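Read through the structure below, which is laid out as C-alpha coordinates, and then see the notes.
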Amino acid sequence: MRFTSKLFLLFQFFLFTGYSQTQPVKVEIKVNAKNVLNDEAVYITGSLPQLGNWNPGKIKMTETQPGTWSFFFTADRKEPLEFKFTKGSWALEAVDDNGTIPENYFVKVTKDTLLQFNICCWGANEKPKFQGGLTGKAEYLRNVGAGNILPRDIIILLPDDYYTSSERYPVLYMHDGQNIADPATCGFGVDWQIDEALDSLSKSGAVQKMIVVGVYNSVNRNREYSNTKLGEEYMSFLVHYLKPKIDSLYRTKSGRENTWTAGSSMGGLISFMLLWEYNDTFSEAGCFSPALKIEKYDYVSVVKATQKPQKPFKLYLYNGGKSLEARLQPGVDEMKTTLESMGYEENIDFYFVIDPEAEHNESAWAKWIPDFLMKLFKTN
(Lines give C-alpha, C1' and ligand atoms only; values in the text may rest on other atoms or scores of the structure.)
Protein backbone atom coordinates (compact mmCIF):
# COMPACT_ATOMS: atom_id res chain seq x y z
CA MET A 1 0.00 0.00 0.00
CA ARG A 2 1.49 3.34 -1.05
CA PHE A 3 0.53 6.64 0.57
CA THR A 4 1.14 9.80 -1.42
CA SER A 5 0.06 12.35 1.14
CA LYS A 6 2.54 15.14 1.68
CA LEU A 7 5.03 14.59 4.48
CA PHE A 8 4.28 17.24 7.06
CA LEU A 9 6.99 17.92 9.57
CA LEU A 10 6.20 19.74 12.78
CA PHE A 11 9.52 20.34 14.49
CA GLN A 12 9.39 21.84 17.97
CA PHE A 13 11.85 22.22 20.76
CA PHE A 14 10.76 22.25 24.41
CA LEU A 15 13.76 22.94 26.59
CA PHE A 16 13.65 21.84 30.18
CA THR A 17 15.95 22.66 33.07
CA GLY A 18 19.64 22.81 32.06
CA TYR A 19 22.45 20.99 33.79
CA SER A 20 26.20 21.25 33.97
CA GLN A 21 28.23 21.29 30.79
CA THR A 22 29.58 17.78 31.47
CA GLN A 23 26.31 15.99 32.19
CA PRO A 24 24.66 14.14 29.26
CA VAL A 25 21.39 15.58 28.04
CA LYS A 26 18.11 13.71 27.92
CA VAL A 27 16.34 13.65 24.57
CA GLU A 28 12.77 12.52 23.96
CA ILE A 29 11.46 12.20 20.41
CA LYS A 30 7.73 11.95 19.77
CA VAL A 31 6.12 11.16 16.44
CA ASN A 32 2.46 11.62 15.58
CA ALA A 33 2.27 9.10 12.77
CA LYS A 34 -0.55 8.32 10.37
CA ASN A 35 -0.87 5.27 8.12
CA VAL A 36 0.78 2.84 10.53
CA LEU A 37 -1.08 -0.47 10.40
CA ASN A 38 -1.81 -2.61 13.44
CA ASP A 39 1.03 -5.01 12.69
CA GLU A 40 3.52 -2.19 11.94
CA ALA A 41 5.62 0.12 14.12
CA VAL A 42 7.62 3.32 13.83
CA TYR A 43 11.40 3.10 14.06
CA ILE A 44 14.03 5.78 14.50
CA THR A 45 17.48 5.42 12.96
CA GLY A 46 20.42 7.77 13.10
CA SER A 47 24.06 8.63 13.51
CA LEU A 48 24.63 7.39 17.08
CA PRO A 49 24.80 3.85 18.48
CA GLN A 50 21.76 4.61 20.63
CA LEU A 51 19.94 5.50 17.39
CA GLY A 52 20.95 2.29 15.68
CA ASN A 53 23.80 3.57 13.48
CA TRP A 54 21.45 3.87 10.48
CA ASN A 55 19.99 0.38 10.84
CA PRO A 56 16.38 1.09 9.75
CA GLY A 57 14.85 -1.74 11.78
CA LYS A 58 16.83 -1.75 15.01
CA ILE A 59 15.35 0.97 17.26
CA LYS A 60 11.62 0.53 17.65
CA MET A 61 9.75 3.45 19.19
CA THR A 62 7.09 2.92 21.86
CA GLU A 63 3.45 3.60 21.03
CA THR A 64 2.30 5.59 24.05
CA GLN A 65 -1.20 6.09 22.69
CA PRO A 66 -2.85 5.33 19.33
CA GLY A 67 -0.89 7.13 16.62
CA THR A 68 1.76 8.56 18.96
CA TRP A 69 5.22 7.01 19.20
CA SER A 70 8.00 7.94 21.60
CA PHE A 71 11.69 7.21 22.12
CA PHE A 72 13.93 8.38 24.94
CA PHE A 73 17.75 8.40 25.01
CA THR A 74 20.73 10.34 26.35
CA ALA A 75 23.45 12.02 24.31
CA ASP A 76 26.54 14.09 24.91
CA ARG A 77 25.85 17.79 25.23
CA LYS A 78 26.19 19.50 21.82
CA GLU A 79 26.50 16.10 20.13
CA PRO A 80 25.24 16.55 16.54
CA LEU A 81 22.26 14.27 15.99
CA GLU A 82 21.11 13.07 12.58
CA PHE A 83 18.15 10.76 12.24
CA LYS A 84 15.20 9.57 10.18
CA PHE A 85 12.03 7.55 10.68
CA THR A 86 10.99 4.27 9.07
CA LYS A 87 8.54 1.46 9.51
CA GLY A 88 11.39 -1.01 9.87
CA SER A 89 13.14 -0.80 6.50
CA TRP A 90 14.39 1.78 4.02
CA ALA A 91 11.56 0.70 1.72
CA LEU A 92 9.18 2.13 4.32
CA GLU A 93 10.93 5.38 5.13
CA ALA A 94 8.94 8.58 5.67
CA VAL A 95 8.65 10.33 2.27
CA ASP A 96 6.92 13.31 0.71
CA ASP A 97 3.91 13.16 -1.60
CA ASN A 98 6.16 12.49 -4.61
CA GLY A 99 7.87 9.60 -2.90
CA THR A 100 11.00 11.72 -2.46
CA ILE A 101 13.16 10.84 0.52
CA PRO A 102 13.79 13.92 2.70
CA GLU A 103 17.20 14.90 4.04
CA ASN A 104 18.31 13.72 7.44
CA TYR A 105 16.87 15.60 10.38
CA PHE A 106 19.76 17.39 12.08
CA VAL A 107 19.82 18.76 15.63
CA LYS A 108 22.32 19.81 18.24
CA VAL A 109 20.93 19.72 21.77
CA THR A 110 22.39 21.68 24.67
CA LYS A 111 19.67 20.95 27.25
CA ASP A 112 17.13 18.28 28.01
CA THR A 113 14.96 18.40 24.94
CA LEU A 114 11.66 17.18 23.53
CA LEU A 115 11.42 16.93 19.73
CA GLN A 116 8.03 16.43 18.09
CA PHE A 117 7.25 15.38 14.54
CA ASN A 118 4.08 14.81 12.52
CA ILE A 119 4.41 12.21 9.75
CA CYS A 120 1.62 11.17 7.48
CA CYS A 121 3.15 9.04 4.70
CA TRP A 122 5.73 6.39 4.06
CA GLY A 123 7.56 4.69 1.22
CA ALA A 124 6.11 1.96 -0.94
CA ASN A 125 5.55 -1.43 0.68
CA GLU A 126 8.01 -3.16 -1.61
CA LYS A 127 11.72 -3.79 -1.96
CA PRO A 128 13.84 -0.65 -2.37
CA LYS A 129 14.43 0.22 -5.99
CA PHE A 130 18.20 0.22 -5.91
CA GLN A 131 19.89 2.51 -8.39
CA GLY A 132 22.25 0.39 -10.44
CA GLY A 133 24.09 -2.74 -9.30
CA LEU A 134 27.59 -3.96 -8.57
CA THR A 135 29.69 -3.62 -11.72
CA GLY A 136 32.83 -5.66 -12.38
CA LYS A 137 34.72 -8.12 -10.22
CA ALA A 138 34.52 -8.01 -6.43
CA GLU A 139 35.91 -10.14 -3.63
CA TYR A 140 35.31 -9.89 0.12
CA LEU A 141 37.26 -10.29 3.31
CA ARG A 142 34.94 -11.01 6.22
CA ASN A 143 35.20 -9.97 9.87
CA VAL A 144 38.50 -8.16 9.61
CA GLY A 145 39.60 -6.38 12.75
CA ALA A 146 42.50 -5.98 15.15
CA GLY A 147 42.90 -4.69 18.70
CA ASN A 148 40.17 -2.17 19.50
CA ILE A 149 39.08 -1.97 15.86
CA LEU A 150 35.92 -4.02 15.64
CA PRO A 151 35.67 -6.73 12.96
CA ARG A 152 34.05 -5.56 9.74
CA ASP A 153 33.78 -6.67 6.14
CA ILE A 154 36.04 -5.42 3.36
CA ILE A 155 35.00 -5.27 -0.30
CA ILE A 156 37.78 -5.42 -2.90
CA LEU A 157 36.95 -4.15 -6.39
CA LEU A 158 39.33 -5.56 -8.97
CA PRO A 159 40.23 -4.26 -12.46
CA ASP A 160 38.49 -5.97 -15.36
CA ASP A 161 41.70 -7.72 -16.45
CA TYR A 162 42.91 -8.73 -12.98
CA TYR A 163 42.37 -12.49 -13.49
CA THR A 164 43.84 -12.57 -17.00
CA SER A 165 46.96 -10.46 -16.55
CA SER A 166 50.03 -10.42 -14.34
CA GLU A 167 49.97 -6.66 -13.83
CA ARG A 168 50.22 -4.96 -10.46
CA TYR A 169 47.84 -2.15 -9.60
CA PRO A 170 47.68 0.93 -7.36
CA VAL A 171 45.21 0.80 -4.47
CA LEU A 172 42.52 3.25 -3.36
CA TYR A 173 41.36 2.70 0.24
CA MET A 174 37.83 3.99 0.82
CA HIS A 175 35.91 4.38 4.06
CA ASP A 176 32.22 3.50 4.59
CA GLY A 177 32.99 0.70 2.17
CA GLN A 178 29.45 -0.69 2.23
CA ASN A 179 28.32 2.48 0.43
CA ILE A 180 30.84 2.74 -2.39
CA ALA A 181 29.71 0.21 -5.01
CA ASP A 182 26.90 -2.16 -4.08
CA PRO A 183 23.48 -0.54 -3.62
CA ALA A 184 22.26 -3.64 -1.82
CA THR A 185 24.61 -2.96 1.11
CA CYS A 186 24.17 0.82 1.22
CA GLY A 187 22.40 2.49 4.09
CA PHE A 188 20.09 4.37 1.72
CA GLY A 189 19.96 2.14 -1.38
CA VAL A 190 22.21 4.46 -3.42
CA ASP A 191 25.96 3.99 -3.72
CA TRP A 192 28.94 6.11 -4.80
CA GLN A 193 29.07 4.26 -8.14
CA ILE A 194 32.86 4.07 -7.96
CA ASP A 195 32.60 0.70 -9.74
CA GLU A 196 30.72 2.09 -12.75
CA ALA A 197 32.91 5.18 -13.00
CA LEU A 198 36.15 3.21 -12.84
CA ASP A 199 34.91 0.57 -15.26
CA SER A 200 34.06 3.22 -17.85
CA LEU A 201 37.03 5.53 -17.40
CA SER A 202 39.68 2.83 -17.10
CA LYS A 203 38.44 0.87 -20.09
CA SER A 204 38.59 4.03 -22.18
CA GLY A 205 42.15 4.66 -20.99
CA ALA A 206 41.24 7.94 -19.31
CA VAL A 207 42.28 6.91 -15.78
CA GLN A 208 44.59 4.31 -14.31
CA LYS A 209 43.29 0.86 -13.52
CA MET A 210 43.30 0.29 -9.77
CA ILE A 211 42.17 -1.92 -6.94
CA VAL A 212 39.60 -0.32 -4.64
CA VAL A 213 39.47 -1.51 -1.04
CA GLY A 214 36.22 -0.53 0.66
CA VAL A 215 36.45 -0.74 4.45
CA TYR A 216 33.00 -1.07 6.01
CA ASN A 217 32.30 1.14 9.01
CA SER A 218 31.34 0.00 12.51
CA VAL A 219 29.19 1.22 15.39
CA ASN A 220 32.24 3.29 16.41
CA ARG A 221 32.27 5.15 13.09
CA ASN A 222 32.47 8.72 14.41
CA ARG A 223 35.26 7.94 16.86
CA GLU A 224 37.18 5.85 14.35
CA TYR A 225 36.94 8.57 11.71
CA SER A 226 38.04 11.53 13.85
CA ASN A 227 40.90 12.92 15.91
CA THR A 228 40.46 10.56 18.87
CA LYS A 229 42.42 7.70 20.39
CA LEU A 230 40.23 5.27 18.46
CA GLY A 231 40.83 7.34 15.33
CA GLU A 232 44.56 6.91 15.82
CA GLU A 233 44.03 3.18 16.23
CA TYR A 234 41.90 3.02 13.07
CA MET A 235 44.62 4.74 11.04
CA SER A 236 47.23 2.40 12.48
CA PHE A 237 44.97 -0.56 11.67
CA LEU A 238 44.77 0.54 8.03
CA VAL A 239 48.49 1.18 7.66
CA HIS A 240 50.01 -1.60 9.75
CA TYR A 241 47.43 -4.38 9.49
CA LEU A 242 45.06 -4.03 6.55
CA LYS A 243 47.46 -2.65 3.95
CA PRO A 244 50.05 -5.42 4.47
CA LYS A 245 47.21 -7.95 4.28
CA ILE A 246 45.96 -6.52 0.98
CA ASP A 247 49.51 -6.33 -0.40
CA SER A 248 50.04 -10.00 0.45
CA LEU A 249 46.76 -11.21 -1.04
CA TYR A 250 46.60 -9.12 -4.21
CA ARG A 251 48.97 -7.92 -6.92
CA THR A 252 49.36 -4.35 -5.69
CA LYS A 253 51.81 -1.57 -6.30
CA SER A 254 52.53 -1.10 -2.62
CA GLY A 255 54.60 2.08 -2.69
CA ARG A 256 53.45 5.46 -1.42
CA GLU A 257 52.95 6.92 -4.90
CA ASN A 258 50.39 4.18 -5.61
CA THR A 259 48.53 4.19 -2.28
CA TRP A 260 45.52 6.50 -1.98
CA THR A 261 42.46 7.06 0.21
CA ALA A 262 39.00 8.64 -0.04
CA GLY A 263 35.80 9.10 1.91
CA SER A 264 32.89 11.39 2.68
CA SER A 265 31.70 13.35 5.71
CA MET A 266 33.54 11.77 8.67
CA GLY A 267 35.17 9.51 6.08
CA GLY A 268 36.41 12.66 4.37
CA LEU A 269 37.94 13.79 7.65
CA ILE A 270 39.82 10.53 8.25
CA SER A 271 41.01 10.57 4.63
CA PHE A 272 42.58 13.98 5.22
CA MET A 273 44.07 12.81 8.51
CA LEU A 274 45.67 9.80 6.80
CA LEU A 275 47.12 12.01 4.08
CA TRP A 276 48.50 14.42 6.69
CA GLU A 277 49.68 12.05 9.43
CA TYR A 278 50.67 9.04 7.31
CA ASN A 279 52.29 10.97 4.51
CA ASP A 280 54.89 8.23 4.07
CA THR A 281 52.09 5.79 3.18
CA PHE A 282 49.43 7.83 1.34
CA SER A 283 50.18 10.26 -1.49
CA GLU A 284 46.67 11.27 -2.62
CA ALA A 285 43.25 11.66 -1.03
CA GLY A 286 39.67 12.47 -1.94
CA CYS A 287 37.84 14.34 0.82
CA PHE A 288 34.15 14.70 0.02
CA SER A 289 32.09 16.92 2.32
CA PRO A 290 34.69 16.47 5.07
CA ALA A 291 33.91 17.32 8.70
CA LEU A 292 37.12 19.32 9.06
CA LYS A 293 35.73 21.83 11.54
CA ILE A 294 32.17 21.51 12.75
CA GLU A 295 30.70 21.22 16.21
CA LYS A 296 33.16 19.24 18.37
CA TYR A 297 35.38 18.28 15.43
CA ASP A 298 38.29 20.57 14.57
CA TYR A 299 41.15 19.21 12.52
CA VAL A 300 41.95 22.63 11.04
CA SER A 301 43.55 23.63 14.34
CA VAL A 302 45.62 20.45 14.32
CA VAL A 303 46.94 21.25 10.85
CA LYS A 304 47.75 24.81 11.89
CA ALA A 305 49.69 23.56 14.91
CA THR A 306 51.79 20.99 13.06
CA GLN A 307 54.49 21.12 10.42
CA LYS A 308 53.35 20.21 6.96
CA PRO A 309 54.29 16.74 5.68
CA GLN A 310 57.72 16.43 4.15
CA LYS A 311 56.49 14.75 0.98
CA PRO A 312 54.15 16.39 -1.56
CA PHE A 313 50.60 15.16 -1.95
CA LYS A 314 47.52 15.57 -4.12
CA LEU A 315 44.17 16.40 -2.54
CA TYR A 316 40.65 16.56 -3.95
CA LEU A 317 38.56 18.73 -1.62
CA TYR A 318 34.83 18.80 -2.37
CA ASN A 319 31.72 20.17 -0.69
CA GLY A 320 28.10 20.74 -1.62
CA GLY A 321 25.95 23.71 -0.71
CA LYS A 322 22.69 22.65 0.92
CA SER A 323 21.70 21.76 4.47
CA LEU A 324 24.57 20.04 6.32
CA GLU A 325 26.92 20.96 3.45
CA ALA A 326 26.42 24.64 4.29
CA ARG A 327 27.40 23.97 7.90
CA LEU A 328 30.52 22.14 6.75
CA GLN A 329 31.59 24.92 4.37
CA PRO A 330 33.30 27.25 6.89
CA GLY A 331 35.63 24.44 7.97
CA VAL A 332 36.35 23.49 4.36
CA ASP A 333 37.10 27.14 3.51
CA GLU A 334 39.36 27.53 6.54
CA MET A 335 41.29 24.40 5.64
CA LYS A 336 41.78 25.69 2.10
CA THR A 337 43.12 28.99 3.44
CA THR A 338 45.36 27.14 5.89
CA LEU A 339 46.83 24.97 3.16
CA GLU A 340 47.48 28.02 0.99
CA SER A 341 49.24 29.76 3.89
CA MET A 342 51.57 26.77 4.05
CA GLY A 343 52.47 27.09 0.41
CA TYR A 344 50.13 24.56 -1.15
CA GLU A 345 48.66 25.76 -4.44
CA GLU A 346 45.18 25.19 -5.82
CA ASN A 347 45.10 23.12 -9.03
CA ILE A 348 48.65 21.96 -8.35
CA ASP A 349 48.67 20.44 -4.86
CA PHE A 350 44.93 20.36 -4.31
CA TYR A 351 41.67 20.72 -6.22
CA PHE A 352 38.81 22.66 -4.67
CA VAL A 353 35.30 21.86 -5.89
CA ILE A 354 32.00 23.33 -4.68
CA ASP A 355 28.58 22.25 -5.94
CA PRO A 356 26.11 24.82 -4.54
CA GLU A 357 23.04 22.70 -5.31
CA ALA A 358 24.37 19.45 -3.86
CA GLU A 359 23.14 17.84 -0.66
CA HIS A 360 24.96 15.59 1.81
CA ASN A 361 24.36 12.16 0.32
CA GLU A 362 25.73 9.37 -1.86
CA SER A 363 23.98 10.63 -4.98
CA ALA A 364 25.82 13.95 -4.73
CA TRP A 365 29.20 12.29 -4.19
CA ALA A 366 28.58 9.84 -7.03
CA LYS A 367 28.08 12.80 -9.38
CA TRP A 368 31.64 14.00 -8.71
CA ILE A 369 33.43 10.65 -8.57
CA PRO A 370 34.41 10.82 -12.29
CA ASP A 371 35.87 14.30 -11.79
CA PHE A 372 37.80 13.08 -8.74
CA LEU A 373 39.22 10.14 -10.70
CA MET A 374 40.13 12.29 -13.70
CA LYS A 375 41.87 14.96 -11.64
CA LEU A 376 43.95 12.66 -9.44
CA PHE A 377 44.40 9.47 -11.43
CA LYS A 378 44.40 10.51 -15.07
CA THR A 379 46.47 8.27 -17.32
CA ASN A 380 49.83 9.85 -18.10
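Residues in the range 71-87 that are of a type outside the set (Phe, Trp, Tyr) and surrounded by 17 or more Cβ atoms within 10 Å (Cβ to Cβ): 75, 77, 79, 80, 81, 82, 84, 86, 87.
When you scan the range 110-119, do you find a residue that is in contact with an Asp or Glu (Cβ under 6 Å, 6 or more places away or on another chain), modelled with pLDDT of 85 or more and either over 30 Å from residue 240 (Cβ atoms) or basic (Lys, Arg) (or both), even just one? Yes - at least one qualifying residue is present in the range 110-119. Restricted to helices (runs of 4 or more DSSP H) entirely inside the range 154-242, no element has at least 3 residues that are among the charged types (D, E, K, R) and surrounded by 19 or more Cβ atoms within 10 Å (Cβ to Cβ). I'd like the full set of residues that are part of a loop (DSSP other than H, G, I, E, B), over 17 Å from residue 48 (Cβ atoms) and of a type outside the set (A, V, I, L, M, F, W, C), limited to the range 109-124. 111, 123, listed by residue number. Across the range 310-324, the qualifying residues are those that are surrounded by fewer than 23 Cβ atoms within 10 Å (Cβ to Cβ) and farther than 22 Å from residue 258 by Cα, and the one among them that is modelled with the lowest pLDDT is 323. Does residue 284 satisfy the condition of being at pLDDT 95 or above, within 20 Å of residue 208 (Cα to Cα) and more than 15 Å from the chain's Cα centre (by Cα)? Yes; evaluated as a whole, the condition is true for this residue.
Condition test on residue 340, is it surrounded by fewer than 17 Cβ atoms within 10 Å (Cβ to Cβ), among the acidic types (Asp, Glu), assigned to a loop (DSSP other than H, G, I, E, B) and at negative phi? Criteria not met by residue 340. Taking the numbered list (1) part of a helix (DSSP H, G or I); (2) in contact with a strand residue (DSSP E or B) (Cβ under 7 Å, 6 or more places away or on another chain) in turn, residue 326 passes all entries but (2). Within the range 243-260, the residues that satisfy the criterion of being of a type in the set (D, E, K, R) and in a loop (DSSP other than H, G, I, E, B) are 251, 253. Of all residues in the range 343-380, exactly one satisfies the criterion of being among the hydrophobic types (A, V, I, L, M, F, W, C) and exposed (fewer than 14 other Cβ atoms within 10 Å of the Cβ), namely 348. Would the range 266-276 turn up any residue that is closer than 29 Å to residue 47 by Cα, assigned by TED's automatic domain parsing to the domain that holds residue 191, surrounded by fewer than 22 Cβ atoms within 10 Å (Cβ to Cβ) and in contact with a helix residue (DSSP H, G or I) (Cβ under 9 Å, 6 or more places away or on another chain)? So far as the range 266-276 goes, yes, one or more of its residues are closer than 29 Å to residue 47 by Cα, assigned by TED's automatic domain parsing to the domain that holds residue 191, surrounded by fewer than 22 Cβ atoms within 10 Å (Cβ to Cβ) and in contact with a helix residue (DSSP H, G or I) (Cβ under 9 Å, 6 or more places away or on another chain). Taken together, the residues in the range 68-104 that are modelled with pLDDT of 90 or more and assigned to a loop (DSSP other than H, G, I, E, B) amount to 2.
Given the condition among the aromatic types (Phe, Trp, Tyr), in contact with a Leu (Cβ under 7 Å, 6 or more places away or on another chain) and either within 26 Å of residue 362 (Cβ to Cβ) or part of a helix (DSSP H, G or I) (or both), answer yes or no: does some residue in the range 308-319 qualify? Scanning the range 308-319, I find at least one residue that is among the aromatic types (Phe, Trp, Tyr), in contact with a Leu (Cβ under 7 Å, 6 or more places away or on another chain) and either within 26 Å of residue 362 (Cβ to Cβ) or part of a helix (DSSP H, G or I) (or both), so the answer is yes.
Residues in the range 326-380 that are under 21 Å from residue 258 (Cβ atoms) and in contact with a Gly (Cβ under 6 Å, 6 or more places away or on another chain): 372, 379. For first residues located in the range 156-179 and within 26 Å of residue 287 (Cα to Cα), partners that are basic (Lys, Arg) and crowded, with 20+ Cβ neighbours inside 10 Å and lie 6+ apart or on another chain with Cβ distances below 6 Å form the pairs 159/209; 169/209.
The values are calculated or read from the model by the stated rules, or taken from the named source; none is laboratory data. What you see is a predicted model, and the numbers here were worked out from it, not measured in a lab. Using ideal geometry, Cβ is built from the backbone for each residue, glycine included, and neighbour counts are taken over all protein chains shown.
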